[in-house]
1. Sort out which residues of the stretch 89-103 are under 19 Å from residue 65 (Cα atoms) and either in contact with a Cys (Cβ under 6 Å, 6 or more places away or on another chain) or not small (Gly, Ala, Ser) (or both), and write them in order of number.
2. For the stretch 141-151, state whether one or more residues are under 20 Å from the mean Cα position of the chain (by Cα), at pLDDT 95 or above and among the aromatic types (Phe, Trp, Tyr).
3. When you go through (1) within 12 Å of the chain's Cα centre (by Cα); (2) part of a loop (DSSP other than H, G, I, E, B) one by one for residue 105, which number turns out not to apply?
4. Tell me, yes or no, whether the stretch 98-115 has at least one residue that is touching an Asp or Glu at 6+ places or on another chain (Cβ under 9 Å), of a type in the set (Gly, Ala, Ser) and modelled with pLDDT under 95.
5. Among the candidates 181, 187, 200, 195, which residue alone is touching a Ser or Thr at 6+ places or on another chain (Cβ under 6 Å) and at pLDDT 90 or above?
6. Which one of these is touching a helix residue (DSSP H, G or I) at 6+ places or on another chain (Cβ under 6 Å) and among the aliphatic types (A, V, I, L, M): 183, 137?
7. Any residue in the stretch 72-84 that is small (Gly, Ala, Ser), closer than 11 Å to residue 113 by Cβ and touching a residue at least 40 places away in the same chain (Cβ under 8 Å)?
Amino acid sequence: MRAIRAMRTLFLAFLVSLVPASSFAGVFLSITVAPPILPVYAQPICPGDGYLWTPGYWAYGDAGYFWVPGTWVLAPRPGFLWTPGYWGWGGGFYAWHAGYWGPHVGFYGGVNYGFGYGGAGFFGGRWEGGHFAYNTAVLHVNTTVVHNTYIDNTVIHNTTVINRTSFNGPGGVNARPGPQEQAAMREQHIQPTSEQVSHESFAGTNRANFASVNGGRPATAAVSRPMTSANVAAHNTAYNNSRPAYNSNNGSHPANTNAYKAPAPHNSEPKYSEPKGGGQPHNEPHGGGEHERR
């Protein structure tokens, strides 16, 4: 019995050692501790036409879970949408299911990431020909810069997020893929872009992003562009050293005063274990815009 436990520990240690290079490459990463709840944050303004929102998420590194800020990413090709990754419980582990690009949004665990990702599908915009049209009812877009926009308030059914759980399974979100999501899962997929991979890698080097340091409340939960060497250099050139890098509310764009801001989490909520109760998903028929607007 002890030998089996030792082998299991060594196997988990081996998997953790692969995280920085392969969490986006479909590696079956499995952890026995649940990820923290999703933090509350405002969405930075879209930097330009063709950028799609990719929600923030909890990744796993050498010191446990760390937050990868939500960011705007250029789609790898016209017509493709982002399906976020998610943590799912099964076989005694929390396994990470990596995100991907495809013609349709697939299953992302029923997790309400907000900003158009209300647990099922995506209602933040659509492709019209070779251009992406943004639904400004749930996305923060400067319409004087980006003109491919529309407003569809029918996707907003509630202004209060009931469940900010970040994983699928007991004590979290109870959801299974529907027919459309199953079909999307069988379509042609493209792995995350090099900017997305670099973005996660940069996030993992900042100790302030680790839940063990920030208590599940990262100071920088979202950024306007992926954190890459080129973007960091450009940012530091454009702004003096007195301004923090990747502050989504810096002087280059106004804060979104209408962005969703949920109530502060209860102190009784566990940081690293399964949430107590509240296991049912809060999924509205249209995916819900409740995570975007107040």
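1. Within the stretch 89-103, 89, 93, 94, 96, 97 qualify.
2. No, that holds for no residue.
3. Among (1) within 12 Å of the chain's Cα centre (by Cα); (2) part of a loop (DSSP other than H, G, I, E, B), residue 105 violates only (1).
4. yes
5. 195
6. One residue alone meets the criteria, 137.
7. Scanning the stretch 72-84, I find no residue that is small (Gly, Ala, Ser), closer than 11 Å to residue 113 by Cβ and touching a residue at least 40 places away in the same chain (Cβ under 8 Å), so the answer is no.
Matching residues to (1) surrounded by 14 or more Cβ atoms within 10 Å (Cβ to Cβ); (2) assigned to a helix (DSSP H, G or I); (3) on the phi > 0 side of the Ramachandran plot; (4) charged (D, E, K, R):
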| position | (1), (2), (3), (4) |
| --- | --- |
| 170 | no, no, no, no |
| 177 | yes, no, no, no |
| 181 | yes, yes, no, yes |
| 192 | yes, no, no, no |
| 196 | yes, yes, no, no |
| 202 | yes, yes, no, no |
| 220 | yes, no, no, no |
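The values are calculated or read from the model by the stated rules, or taken from the named source; none is laboratory data. Everything numeric here is computed off the predicted structure, so don't read it as measured data. All Cβ positions, even for glycine, are placed from backbone atoms using ideal geometry, and neighbour counts span all protein chains on display.
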